[in-house]
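Here's the structure we're looking at; comments come further down.
The values are calculated or read from the model by the stated rules, or taken from the named source; none is laboratory data. Computed from a prediction, not measured in an experiment: that's the story for all the values here. All Cβ positions, glycine included, derive from the backbone under ideal geometry; neighbour counts span all protein chains shown. Ligands, DNA and RNA are excluded from the accessible area calculation, which covers all protein heavy atoms including side chains. Shrake-Rupley method; radii C 1.70, N 1.55, O 1.52, S 1.80 Å.
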Amino acid sequence: MKQAERGILSAYDLKKPANKIAYAAMSLVIAAMVVSMLYPIAAAFFNGVKANVEVNTFPPRFLPKEWHWDNYVTGWKYIDLTLYLRNTIYIFLGNMVATVLVLGLASFSLSRLNWPYRKAAYYFFLATLFIPPTTYIIPNFINLKDLGLMDTFWAFWLPAGANAFFLLLLKSFFDSLNQELFESARIDGASELRCFFQLAFPLSVPIFATLAIFVFSNAWNEWFWPSMVLGGEHYPLSTAIKRFVIDARRLDTNIRFAILTMVMIPPIFVFLIFQRYIVRGLHLGGVKG
């Protein structure tokens, strides 16, 4: 018979009045946090199906009197979401390639290869974490302009290969992998590249899936940097929303909410898909017979 997994408090602990009160208080706090996170999403959705006059009335109503689903059709036609969504996906895919190839190989070399001044390089990358990211904006802008990469997706892809946080995170994960796997592969004549792509990378799917969430979130939410280095046709979704929806002067409020609601849906599904994948792959690692 399968035993039930123990939670925070056992059945015996819950018999105590003090533990019952603490458990109830903790449940209320969690419920309040869930409501505070779901309320903005629900409010944006309901405002997106209201008439514009109803959205601007005071005191505001949570539920609409009449459901205007055509607001979403109007919002879809107002801005070319397909174009900007495609640009966002291009940025995400290019950043993931840079993360896997550049940062993956660099972190693997820091973790598994012995080369001169390896520790010095590690501490150098660690020290860069203390530098505010905003200080990189002007140097990166000048470098990309000198290279002639303005208004191209390379303005996103190249800096993605210089993320020190991802590099050290991957190195820590590679350090936890079983060294015997790589020693056996080297004895059989495998090169370091083969060890990475056939051993380290398959075992590192959970950490790369975790990084994919961060990379996608950055590509989806970043609007300031694209507004500096990209033109209108290459804007990602967040920059287009900022320029053409939020800053628009002659756009009804209900249409704004309808567009924002459509923009919020994809990252929620992406997070849920990757979360399942991460949990399913957490058992990877170690020597398998």
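Quick look at the numbers
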item: Bins of 5 Å, starting at 0 and running to the largest distance - Cα pair percent for the chain; result: 1, 5, 9, 10, 12, 11, 12, 11, 10, 8, 6, 3, 2, 1, 0
item: Per residue, in Å², the accessible surface of the chain once ligands and nucleic acids are set aside, probe 1.4 Å; result: 63
item: Accessible-area composition of the chain, carbon plus sulfur, in percent [1.4 Å probe]; result: 67
item: Longest DSSP-loop-exposure-free segment, chymotrypsin sites (Phe, Trp or Tyr not before Pro), the chain, at most 11 other Cβ within 10 Å; result: 131-289
item: Violating pairs (Cα-Cα greater than 26 angstrom) within the set Lys50/Lys77; Lys119/Lys145; Lys145/Lys171; result: Lys119/Lys145; Lys145/Lys171
item: Length released on extending from Ala24 to Arg118, taking residue separation times 0.36 nm less the Cα-Cα span; result: 28.7 nm
item: Isotropically averaged projected area of segment 123-264, using the convex hull of Cα atoms (one quarter of hull area), nm²; result: 12.0
item: Ellipsoid equivalent to segment 155-227 - semi-axes via the Cα gyration tensor, in Å; result: 31, 12, 10
